[in-house]
Amino acid sequence: MSHEEHVSDAEAGFVLSTLEHDQLVAAKREPVPRRQLKGGELALAWALRLYLVFMLLVVFWQAWLAVK
Amino acid sequence: MSAGTQPERRLQVLAAEEDVVVTHEDIDRAVDRARVSAARSRSTLRSRAWLLWLLIGPGILVMLGENDGPSMLSYAATGARFGIGFFLPFVILTFGMAVVVQEMTVRLGAATHRGHAELIFERFGPFWGWFSMIDLGIGNFLTLITEFIAIRAGLGFFGVPPWAAILVALAVLYSALLSHRYWTWERVTLAAAAFNLIFIPVALMAHPHWGGVGHALVTWKPLPPFGRDTVLIVLSDIGATVTPWMLFFQQSATVDKGMTTKDIRFGRIDTLLGAALAAAAALGTILATAVLFGHISAETFEAAQFAQALQPIIGRFGASLFALGMVEAGIVASITISTSSAYAFGEVAQRPHSLNLPVNQGKSFYTVLGLCAAAAAGIVLIPGLPLVFVVLVVNVVAVLAMPPALVFLYLLVNDKEIMGGVKSPGWMNVLAAAVVVVLTAAGMLYGISVVAPNALAWLGRL
């Protein structure tokens, strides 16, 4: 057991007995495993992305006209 | 976050045969969790009530936080332009949609102990992660600007000059962070958010026609005329309850609070309670301004103008409460939205991101939070900027950005590898899909109303 400043043995023991392991800040440094989007998911994500871009252009055009 | 950036202690946990690093952030979270465990170990009614008190927070904050400046202006415009009718039950429906969406973030945060931005980046890669972050960043910044517009307008009713109004708002925002404890921040912000209910007594002062209210809630009538203005208000009212920042905020706050899968039931109660309170305030605002129906044009009204218009009807005190409600709405939302931006930045940049961090350990977190708020506040003070442009688009942009965000939320809560036994049941997926369909359809209807108004008129005749 190595020692570093500011956190006592008692505090460390308390943390380890109270928090779930993956709640620890250290555990969150481990990345969540990657997964690839499947065909349908990818198509839906792209479709909604294009929808958003197109609709934003519409919104800004309308707002621009309203402000003018 | 790299090891060694904060005071920490390496412990060799012999039983598990692994190195565990304990930080002060962990200690603060463990203190909160110990209180929850102690309350859970007892089965008296009082201890259950205490447990609920300990576990509520993110849900109420996100719902009352979304009753923000532009949202309250949207509800006020709804009441003034359409009176009592279709929009009363419609607004309740939108809060129902918000509950469906936000409940998923509670489960996701409790099961994975990761923020929303972090999960999208790590699970689906930076390509989709950056898209989500850009949506969030633009939406949050535009919304923050409107919060300071609402604060400036609300305090302007009392004769406070804009620069002083903005300084007051920033002072409250920074004060809420001084404790460097999530728990204290949450309770301070909850106390401030409770003032959102100020719109309920304002509604009572306006003496609404309760028979008409009951009729509207049951029959959804009278229906508004089908046209571009109605579509815009529909979209604006949806954007007043369902927005991307809420997903990121509630999941990150659930994680920062230290909630686990054992707490999901209380997270649901928290979310439902928040939705009920926020819906009451929203309906109160519509009822308050419904007395203006037929008397004014509410197209470009700001907070102070609504308060001034109400003053002859509900008196100076009532109008002052209305203006103060707008100020509160802007302040609480500026706190929650800037925090949501800081959480997301920390998650993506892998920097410490918690309200439990002392300033010296969470420099990037507090810097992002403070700078976002300060930049938005500064923009509001620049003379001559067409800020009405921002107010007009912010809720609409929120609705349009939701379907892409919801797809990733849907994929994550149905991912058994990260959700384990709390992945979404089938009926919840049906509700979530219905929300995506409604939001997309509302967005497309809006698009048609702008690009092809004749087609909208044709739809109205069907």
Whole-Å distance linking the alpha carbon centroid of segment A:17-65 with that of segment B:102-132 is 7 Å
Filtered hits (lysines, Cα-Cα < 27 Å from B:K257, offset >= 8 within chain) -> A:K28, B:K363, B:K416, B:K423
The helix B:69-82 Cα axis meets the longest alpha-carbon principal axis of chain B at an angle in degrees, between 0 and 90 and rounded to 10, of 30 degrees
Against the 2.2 N^0.38 Å rule of thumb, the C-alpha Rg of segment B:232-389 sits at a ratio of 1.26
Ignoring GluC sites (Glu not before Pro) buried by more than 15 other Cβ within 10 Å or outside DSSP loops, the longest site-free run in chain B is B:18-298
Out of B:S132, B:T285, B:W245 - ranked by how far each Cα lies towards the positive end of the dipole of the protein assembly as shown, with unit charges on the beta-carbon of charged residues - the top one is B:T285
Output for segment B:42-100: trypsin sites (Lys or Arg not before Pro) sitting in coil per DSSP, at most 14 other Cβ within 10 Å, listed by number, reads B:R42
Helix B:244-257: inclination vs chain B longest Cα principal axis, degrees, rounded to 10, gives 40 degrees
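What's the local net charge at B:A342, with K and R +1, D and E -1, over the other residues with C-beta under 14 Å away? Write down the numbers at each step before the final one.
Details: positive: B:R351, B:K363; negative: B:E118, B:D256, B:E347.
Summing Lys and Arg as +1 and Asp and Glu as -1 gives -1.
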Rounded to the nearest 10 degrees, the helix B:264-290 long axis (Cα) sits at an angle to the longest Cα principal axis of chain B of 20 degrees
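Loop only by DSSP, 13 or fewer other Cβ within 10 Å of the Cβ. Give me the trypsin sites (Lys or Arg not before Pro) in segment A:10-53 that pass, ordered by residue number.
A:R34, A:K38
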Note to self: C-alpha centroids of segment B:409-423 and segment B:229-274 sit apart, in Å, by 18 Å
Treating only Lys and Arg (+1) and Asp and Glu (-1) as charged, each at its beta carbon, one finds that chain A has a dipole about its Cα centre, in Debye to the nearest 20, of 900 debye
Asserting the computed 222 nm helical MRE of chain B (DSSP H runs at least 4 long, -39500 (n - 2.57) per run, divided by residue count, to nearest 500) equals -25500 deg cm²/dmol
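Only four residue types carry charge here, +1 at the Cβ of Lys and Arg and -1 at the Cβ of Asp and Glu. Report the dipole size of the protein assembly as shown about the Cα centre in Debye, rounded to the nearest 20.
Numbers: 35 positive and 35 negative charges, 220 e Å.
Charge dipole, the protein assembly as shown, about its Cα centre: 1060 debye, nearest 20.
Just so you know, all these numbers are worked out from the coordinates, no wet-lab data involved. Note that the structure is predicted; figures quoted are calculated from it, not measured. Please note: Cβ atoms are built from the backbone with ideal geometry, for glycine as well, and neighbour counts cover all protein chains shown.
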